[in-house]
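Let me begin by presenting the structure, written as C-alpha coordinates, before commenting on it.
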Amino acid sequence: MTDIATSDDTATQLATARIAFRNELLDAGILIASSVAGVYGRSGTFESIITGLDALLARMAAPLNAQVLRFPPVYPRVDFERTDYIASFPDLSGVVSSFERGDKEHAALLSARADGEAWDGWLDPTDVVLTPAICHPLYATLEGRLPEEGGVFDLAGYGFRHEPSEDPMRMQSFRMREFVFVGTPDAAQVYRDSWLDRAIETLASLGLAVDAVPANDPFFGRAGRMLVNAQLRENLKVEIIVPLYGDLHEGTAIASANCQRDHLTAAFGILTHDGDVAHGACVAFGMERTALALLRTHGLNPAEWPEGVRDLLGLCST
Ligand code: AMP
Ligand code: ZN
(Lines give C-alpha, C1' and ligand atoms only; values in the text may rest on other atoms or scores of the structure.)
(Ligands and ions follow the chains in the order given, each with its own letter.)
Protein backbone atom coordinates (compact mmCIF):
# COMPACT_ATOMS: atom_id res chain seq x y z
CA MET A 1 0.00 0.00 0.00
CA THR A 2 3.01 2.26 -0.51
CA ASP A 3 1.83 5.72 -1.38
CA ILE A 4 4.47 8.34 -0.72
CA ALA A 5 4.32 11.78 -2.32
CA THR A 6 7.10 14.21 -1.49
CA SER A 7 5.53 17.66 -1.17
CA ASP A 8 2.16 19.38 -1.24
CA ASP A 9 2.80 20.48 -4.76
CA THR A 10 3.70 17.00 -5.91
CA ALA A 11 0.67 15.60 -4.08
CA THR A 12 -1.64 17.97 -5.99
CA GLN A 13 -0.04 17.12 -9.32
CA LEU A 14 -0.24 13.42 -8.52
CA ALA A 15 -3.94 13.66 -7.62
CA THR A 16 -4.56 15.49 -10.91
CA ALA A 17 -2.61 12.86 -12.88
CA ARG A 18 -4.60 10.05 -11.27
CA ILE A 19 -7.92 11.71 -12.09
CA ALA A 20 -6.73 12.27 -15.66
CA PHE A 21 -5.87 8.55 -15.98
CA ARG A 22 -9.26 7.63 -14.51
CA ASN A 23 -11.01 9.88 -17.04
CA GLU A 24 -9.03 8.34 -19.91
CA LEU A 25 -10.13 4.87 -18.79
CA LEU A 26 -13.76 5.98 -18.51
CA ASP A 27 -13.70 7.81 -21.87
CA ALA A 28 -12.28 4.70 -23.52
CA GLY A 29 -15.05 2.60 -21.92
CA ILE A 30 -12.47 0.35 -20.22
CA LEU A 31 -13.87 1.10 -16.78
CA ILE A 32 -17.49 2.13 -16.21
CA ALA A 33 -18.04 4.59 -13.35
CA SER A 34 -20.74 4.23 -10.72
CA SER A 35 -22.02 6.87 -8.31
CA VAL A 36 -19.62 5.57 -5.64
CA ALA A 37 -15.88 6.25 -5.85
CA GLY A 38 -13.84 3.11 -6.42
CA VAL A 39 -16.76 0.95 -7.64
CA TYR A 40 -16.55 0.26 -11.39
CA GLY A 41 -17.87 -1.93 -14.14
CA ARG A 42 -15.26 -3.54 -16.40
CA SER A 43 -15.31 -3.81 -20.19
CA GLY A 44 -14.72 -6.94 -22.26
CA THR A 45 -11.29 -5.59 -23.21
CA PHE A 46 -10.38 -5.16 -19.56
CA GLU A 47 -11.62 -8.66 -18.75
CA SER A 48 -9.59 -10.18 -21.59
CA ILE A 49 -6.46 -8.74 -19.95
CA ILE A 50 -7.50 -10.21 -16.58
CA THR A 51 -8.17 -13.61 -18.20
CA GLY A 52 -4.72 -13.52 -19.83
CA LEU A 53 -3.09 -12.59 -16.55
CA ASP A 54 -4.88 -15.38 -14.72
CA ALA A 55 -3.64 -17.93 -17.25
CA LEU A 56 -0.09 -16.52 -17.09
CA LEU A 57 -0.07 -16.76 -13.27
CA ALA A 58 -1.40 -20.32 -13.46
CA ARG A 59 1.48 -21.26 -15.82
CA MET A 60 3.98 -19.55 -13.55
CA ALA A 61 2.68 -21.44 -10.52
CA ALA A 62 2.30 -24.84 -12.21
CA PRO A 63 5.48 -26.32 -10.62
CA LEU A 64 3.99 -25.72 -7.16
CA ASN A 65 1.15 -28.18 -7.70
CA ALA A 66 -0.96 -25.93 -5.53
CA GLN A 67 -4.41 -27.05 -4.45
CA VAL A 68 -6.91 -24.85 -6.28
CA LEU A 69 -9.63 -23.45 -4.00
CA ARG A 70 -12.17 -20.70 -4.60
CA PHE A 71 -14.17 -18.95 -1.89
CA PRO A 72 -17.04 -16.47 -2.34
CA PRO A 73 -16.47 -12.77 -1.58
CA VAL A 74 -18.12 -13.07 1.85
CA TYR A 75 -17.02 -15.21 4.78
CA PRO A 76 -18.23 -15.96 8.31
CA ARG A 77 -18.08 -13.10 10.80
CA VAL A 78 -16.93 -15.51 13.54
CA ASP A 79 -13.83 -16.27 11.44
CA PHE A 80 -13.28 -12.56 10.76
CA GLU A 81 -13.34 -12.04 14.52
CA ARG A 82 -10.54 -14.58 14.97
CA THR A 83 -8.28 -12.38 12.82
CA ASP A 84 -7.42 -8.94 14.19
CA TYR A 85 -8.55 -7.16 11.03
CA ILE A 86 -11.16 -5.07 12.84
CA ALA A 87 -8.42 -3.86 15.23
CA SER A 88 -5.89 -3.05 12.52
CA PHE A 89 -8.15 -1.90 9.68
CA PRO A 90 -11.59 -0.90 11.04
CA ASP A 91 -11.87 1.76 8.35
CA LEU A 92 -11.38 -0.75 5.52
CA SER A 93 -13.76 -3.39 6.90
CA GLY A 94 -17.22 -4.22 5.56
CA VAL A 95 -19.91 -6.12 7.46
CA VAL A 96 -23.03 -7.24 5.59
CA SER A 97 -26.27 -6.03 7.17
CA SER A 98 -29.78 -7.23 6.45
CA PHE A 99 -33.29 -7.03 7.82
CA GLU A 100 -33.94 -9.57 10.57
CA ARG A 101 -36.80 -7.95 12.51
CA GLY A 102 -40.60 -8.18 12.29
CA ASP A 103 -43.56 -6.59 10.47
CA LYS A 104 -43.73 -3.63 12.85
CA GLU A 105 -40.13 -2.66 12.24
CA HIS A 106 -40.54 -3.20 8.50
CA ALA A 107 -43.46 -0.78 8.50
CA ALA A 108 -41.30 1.75 10.38
CA LEU A 109 -38.49 1.26 7.86
CA LEU A 110 -40.88 1.82 4.94
CA SER A 111 -42.34 4.91 6.53
CA ALA A 112 -38.86 6.41 7.12
CA ARG A 113 -37.94 5.56 3.53
CA ALA A 114 -41.12 7.18 2.19
CA ASP A 115 -40.21 10.33 4.16
CA GLY A 116 -36.75 10.33 2.60
CA GLU A 117 -35.15 9.50 5.95
CA ALA A 118 -32.39 7.00 6.72
CA TRP A 119 -33.80 3.45 6.93
CA ASP A 120 -30.63 1.45 7.53
CA GLY A 121 -31.04 1.75 11.32
CA TRP A 122 -33.52 -1.15 11.03
CA LEU A 123 -30.86 -3.41 9.58
CA ASP A 124 -28.62 -5.64 11.70
CA PRO A 125 -25.20 -7.16 11.02
CA THR A 126 -25.54 -10.68 9.57
CA ASP A 127 -23.24 -13.66 10.03
CA VAL A 128 -21.07 -12.65 7.06
CA VAL A 129 -18.46 -9.99 6.33
CA LEU A 130 -16.95 -8.96 3.00
CA THR A 131 -13.64 -10.74 2.49
CA PRO A 132 -10.81 -8.20 2.84
CA ALA A 133 -7.98 -10.53 1.73
CA ILE A 134 -8.75 -13.72 -0.10
CA CYS A 135 -6.42 -15.88 2.00
CA HIS A 136 -8.44 -15.24 5.18
CA PRO A 137 -11.28 -17.69 4.37
CA LEU A 138 -8.65 -20.36 3.62
CA TYR A 139 -6.98 -20.09 7.03
CA ALA A 140 -10.35 -20.60 8.68
CA THR A 141 -10.58 -24.07 7.07
CA LEU A 142 -7.14 -25.40 8.01
CA GLU A 143 -7.44 -26.01 11.75
CA GLY A 144 -5.37 -28.99 12.98
CA ARG A 145 -2.14 -30.66 11.85
CA LEU A 146 -0.81 -30.17 8.34
CA PRO A 147 0.92 -32.87 6.30
CA GLU A 148 4.72 -33.00 6.63
CA GLU A 149 5.31 -30.92 3.51
CA GLY A 150 2.78 -28.29 4.59
CA GLY A 151 0.17 -27.02 2.15
CA VAL A 152 0.22 -24.84 -0.97
CA PHE A 153 -2.99 -23.22 -2.21
CA ASP A 154 -4.02 -21.31 -5.32
CA LEU A 155 -6.78 -18.78 -4.52
CA ALA A 156 -8.62 -16.16 -6.57
CA GLY A 157 -11.57 -13.92 -5.95
CA TYR A 158 -12.95 -10.52 -5.09
CA GLY A 159 -11.85 -8.65 -1.98
CA PHE A 160 -13.50 -5.60 -0.45
CA ARG A 161 -11.76 -2.66 1.19
CA HIS A 162 -13.64 0.45 2.14
CA GLU A 163 -11.26 3.01 0.66
CA PRO A 164 -13.25 5.25 -1.71
CA SER A 165 -10.84 7.11 -3.97
CA GLU A 166 -10.60 8.95 -7.28
CA ASP A 167 -7.43 6.96 -7.99
CA PRO A 168 -8.44 4.21 -10.42
CA MET A 169 -5.80 1.92 -8.87
CA ARG A 170 -7.59 2.15 -5.51
CA MET A 171 -10.90 0.35 -5.84
CA GLN A 172 -13.32 -0.79 -3.15
CA SER A 173 -13.96 -4.15 -4.79
CA PHE A 174 -11.16 -5.83 -6.74
CA ARG A 175 -9.72 -9.23 -7.56
CA MET A 176 -6.66 -10.89 -6.11
CA ARG A 177 -4.86 -14.07 -7.08
CA GLU A 178 -2.93 -15.55 -4.20
CA PHE A 179 -0.53 -18.42 -3.76
CA VAL A 180 -0.40 -19.36 -0.09
CA PHE A 181 1.94 -21.65 1.82
CA VAL A 182 1.43 -23.00 5.34
CA GLY A 183 4.02 -25.17 7.04
CA THR A 184 7.20 -24.85 9.07
CA PRO A 185 8.62 -21.37 9.75
CA ASP A 186 11.75 -22.03 7.68
CA ALA A 187 9.82 -23.34 4.71
CA ALA A 188 7.43 -20.35 4.87
CA GLN A 189 10.34 -17.90 4.73
CA VAL A 190 11.97 -19.75 1.81
CA TYR A 191 8.62 -19.83 0.01
CA ARG A 192 8.09 -16.07 0.39
CA ASP A 193 11.59 -15.19 -0.77
CA SER A 194 11.64 -17.51 -3.78
CA TRP A 195 8.17 -16.35 -4.79
CA LEU A 196 9.19 -12.74 -4.65
CA ASP A 197 11.81 -13.38 -7.36
CA ARG A 198 9.39 -15.41 -9.45
CA ALA A 199 6.66 -12.76 -9.21
CA ILE A 200 9.05 -9.95 -10.16
CA GLU A 201 10.32 -11.93 -13.14
CA THR A 202 6.81 -12.69 -14.39
CA LEU A 203 5.57 -9.11 -14.06
CA ALA A 204 8.76 -7.73 -15.65
CA SER A 205 8.23 -10.11 -18.61
CA LEU A 206 5.07 -8.08 -19.34
CA GLY A 207 7.17 -4.96 -19.87
CA LEU A 208 6.29 -3.47 -16.46
CA ALA A 209 9.04 -1.41 -14.78
CA VAL A 210 8.70 -3.27 -11.48
CA ASP A 211 10.65 -2.66 -8.31
CA ALA A 212 10.44 -4.29 -4.86
CA VAL A 213 10.09 -2.15 -1.73
CA PRO A 214 9.31 -2.78 1.95
CA ALA A 215 5.61 -2.22 2.60
CA ASN A 216 4.02 0.10 5.14
CA ASP A 217 0.38 -0.90 5.44
CA PRO A 218 -2.12 1.73 6.70
CA PHE A 219 -2.72 0.15 10.12
CA PHE A 220 -5.27 2.23 11.98
CA GLY A 221 -4.53 4.60 14.87
CA ARG A 222 -1.70 4.95 17.35
CA ALA A 223 -1.28 1.22 18.02
CA GLY A 224 -1.23 0.79 14.26
CA ARG A 225 1.89 2.93 13.91
CA MET A 226 3.80 0.41 16.01
CA LEU A 227 2.63 -2.37 13.73
CA VAL A 228 3.89 -0.41 10.71
CA ASN A 229 7.30 -0.09 12.38
CA ALA A 230 7.43 -3.81 13.15
CA GLN A 231 6.40 -4.65 9.60
CA LEU A 232 9.24 -2.54 8.21
CA ARG A 233 11.85 -3.59 10.77
CA GLU A 234 11.21 -7.29 10.32
CA ASN A 235 10.74 -7.08 6.56
CA LEU A 236 7.48 -9.00 6.78
CA LYS A 237 5.94 -7.62 3.64
CA VAL A 238 7.50 -6.65 0.32
CA GLU A 239 5.50 -4.89 -2.35
CA ILE A 240 6.12 -5.00 -6.07
CA ILE A 241 5.50 -1.51 -7.37
CA VAL A 242 5.24 0.05 -10.82
CA PRO A 243 5.73 3.78 -11.43
CA LEU A 244 2.75 5.15 -13.34
CA TYR A 245 3.20 8.90 -13.13
CA GLY A 246 6.86 9.58 -13.91
CA ASP A 247 8.71 11.40 -11.15
CA LEU A 248 5.51 12.31 -9.32
CA HIS A 249 5.32 9.00 -7.48
CA GLU A 250 7.67 6.12 -6.82
CA GLY A 251 5.00 3.62 -7.80
CA THR A 252 1.83 1.75 -6.86
CA ALA A 253 1.83 -1.80 -5.50
CA ILE A 254 0.53 -4.37 -7.98
CA ALA A 255 1.53 -7.39 -5.89
CA SER A 256 2.85 -8.24 -2.45
CA ALA A 257 4.86 -11.05 -0.89
CA ASN A 258 4.08 -11.58 2.76
CA CYS A 259 5.52 -13.46 5.70
CA GLN A 260 2.53 -13.82 7.95
CA ARG A 261 4.51 -15.82 10.52
CA ASP A 262 1.97 -17.20 13.03
CA HIS A 263 -0.34 -14.21 12.67
CA LEU A 264 -3.28 -16.17 11.21
CA THR A 265 -2.15 -19.75 11.82
CA ALA A 266 -2.11 -19.27 15.62
CA ALA A 267 -5.57 -17.66 15.56
CA PHE A 268 -6.98 -20.63 13.63
CA GLY A 269 -5.07 -23.41 15.45
CA ILE A 270 -3.08 -24.52 12.39
CA LEU A 271 -0.19 -26.83 13.35
CA THR A 272 2.80 -28.31 11.56
CA HIS A 273 3.12 -32.08 11.23
CA ASP A 274 5.16 -32.01 14.48
CA GLY A 275 2.45 -30.13 16.37
CA ASP A 276 4.09 -26.68 16.50
CA VAL A 277 2.21 -23.59 15.41
CA ALA A 278 2.60 -23.39 11.62
CA HIS A 279 3.67 -20.27 9.76
CA GLY A 280 1.95 -18.81 6.70
CA ALA A 281 3.30 -16.94 3.69
CA CYS A 282 1.43 -15.62 0.70
CA VAL A 283 2.04 -13.87 -2.58
CA ALA A 284 -0.90 -11.75 -3.70
CA PHE A 285 -1.36 -10.27 -7.16
CA GLY A 286 -3.78 -7.39 -7.61
CA MET A 287 -5.55 -8.29 -10.87
CA GLU A 288 -7.14 -4.90 -11.62
CA ARG A 289 -4.00 -3.03 -10.61
CA THR A 290 -1.81 -5.18 -12.85
CA ALA A 291 -4.20 -4.73 -15.78
CA LEU A 292 -4.25 -0.96 -15.19
CA ALA A 293 -0.45 -0.84 -14.94
CA LEU A 294 -0.30 -2.59 -18.33
CA LEU A 295 -2.79 -0.11 -19.83
CA ARG A 296 -0.81 2.80 -18.43
CA THR A 297 2.52 1.39 -19.62
CA HIS A 298 1.57 0.12 -23.09
CA GLY A 299 -1.42 2.32 -23.93
CA LEU A 300 -5.18 1.98 -23.75
CA ASN A 301 -5.49 -0.23 -26.84
CA PRO A 302 -4.21 -3.77 -26.17
CA ALA A 303 -4.29 -4.46 -29.94
CA GLU A 304 -1.29 -2.13 -30.15
CA TRP A 305 0.69 -3.61 -27.27
CA PRO A 306 4.09 -5.20 -27.96
CA GLU A 307 3.72 -8.60 -29.64
CA GLY A 308 5.58 -10.41 -26.83
CA VAL A 309 3.24 -9.03 -24.17
CA ARG A 310 0.15 -9.88 -26.23
CA ASP A 311 1.53 -13.39 -26.69
CA LEU A 312 2.08 -13.91 -22.98
CA LEU A 313 -1.48 -12.77 -22.26
CA GLY A 314 -3.05 -14.82 -25.05
CA LEU A 315 -4.37 -11.63 -26.68
CA CYS A 316 -3.06 -12.39 -30.18
CA SER A 317 -6.32 -13.77 -31.51
CA THR A 318 -8.36 -10.74 -30.38
P1 AMP B 1 -2.40 -6.49 0.13
O2 AMP B 1 -3.07 -7.62 0.82
O3 AMP B 1 -2.70 -5.15 0.72
O4 AMP B 1 -0.94 -6.69 -0.09
O5 AMP B 1 -3.08 -6.44 -1.32
C6 AMP B 1 -2.73 -7.38 -2.30
C7 AMP B 1 -2.74 -6.71 -3.65
O8 AMP B 1 -4.10 -6.31 -3.92
C9 AMP B 1 -1.94 -5.42 -3.70
O10 AMP B 1 -0.60 -5.65 -4.05
C11 AMP B 1 -2.65 -4.66 -4.81
O12 AMP B 1 -2.18 -5.06 -6.06
C13 AMP B 1 -4.10 -5.12 -4.66
N14 AMP B 1 -4.87 -4.08 -3.95
C15 AMP B 1 -4.81 -3.74 -2.64
N16 AMP B 1 -5.68 -2.76 -2.36
C17 AMP B 1 -6.30 -2.45 -3.53
C18 AMP B 1 -7.31 -1.51 -3.91
N19 AMP B 1 -7.86 -0.69 -3.02
N20 AMP B 1 -7.70 -1.48 -5.22
C21 AMP B 1 -7.17 -2.32 -6.12
N22 AMP B 1 -6.22 -3.22 -5.81
C23 AMP B 1 -5.78 -3.29 -4.54
ZN1 ZN C 1 -2.74 -13.36 1.76
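The values are calculated or read from the model by the stated rules, or taken from the named source; none is laboratory data. Quick caveat, the model's predicted, so the values are computed rather than measured. Here the Cβ positions follow ideal geometry from the backbone for every residue, glycine too, while neighbour counts run over all protein chains shown. Note: areas computed on protein heavy atoms with side chains; ligands, DNA, RNA excluded. Shrake-Rupley method; radii C 1.70, N 1.55, O 1.52, S 1.80 Å.
General observations
- Filtered residues of region 252-278 (kept if of a type outside the set (A, V, I, L, M, F, W, C), away from ligand 2 (no atom under 13 Å from the Cβ) and not in a loop (DSSP other than H, G, I, E, B)): Thr252
- When each of Gly116, Gly38 is tested for being assigned to a loop (DSSP other than H, G, I, E, B) and in the same structural domain as Glu166 (by TED's automatic domain parsing), the lone residue that passes is Gly38.
- Applying the condition of being open to solvent by 60 Å² or more (accessible area, probe 1.4 Å) and under 30 Å from Thr272 (Cβ atoms) to region 91-145 and asking which residue is farthest from ligand 1 (Cβ to nearest atom) yields Arg145.
- Condition met for Ala230 (at pLDDT 95 or above and either part of a strand (DSSP E or B) or surrounded by fewer than 18 Cβ atoms within 10 Å (Cβ to Cβ) (or both)): no
- Selection from region 154-184 of residues that are within 16 Å of ligand 2 (Cβ to nearest atom) and among the hydroxyl-bearing types (Ser, Thr, Tyr): Tyr158
- Evaluation of Val190 against (1) within 16 Å of ligand 2 (Cβ to nearest atom); (2) aliphatic (A, V, I, L, M); (3) open to solvent by 60 Å² or more (accessible area, probe 1.4 Å) (one fails), failing number: (1)
- Cβ pairs under 7 Å, 6+ apart, first in region 303-314 and under 21 Å from Ala28 (Cα atoms), second open to solvent by 50 Å² or more (accessible area, probe 1.4 Å): Arg310/Cys316
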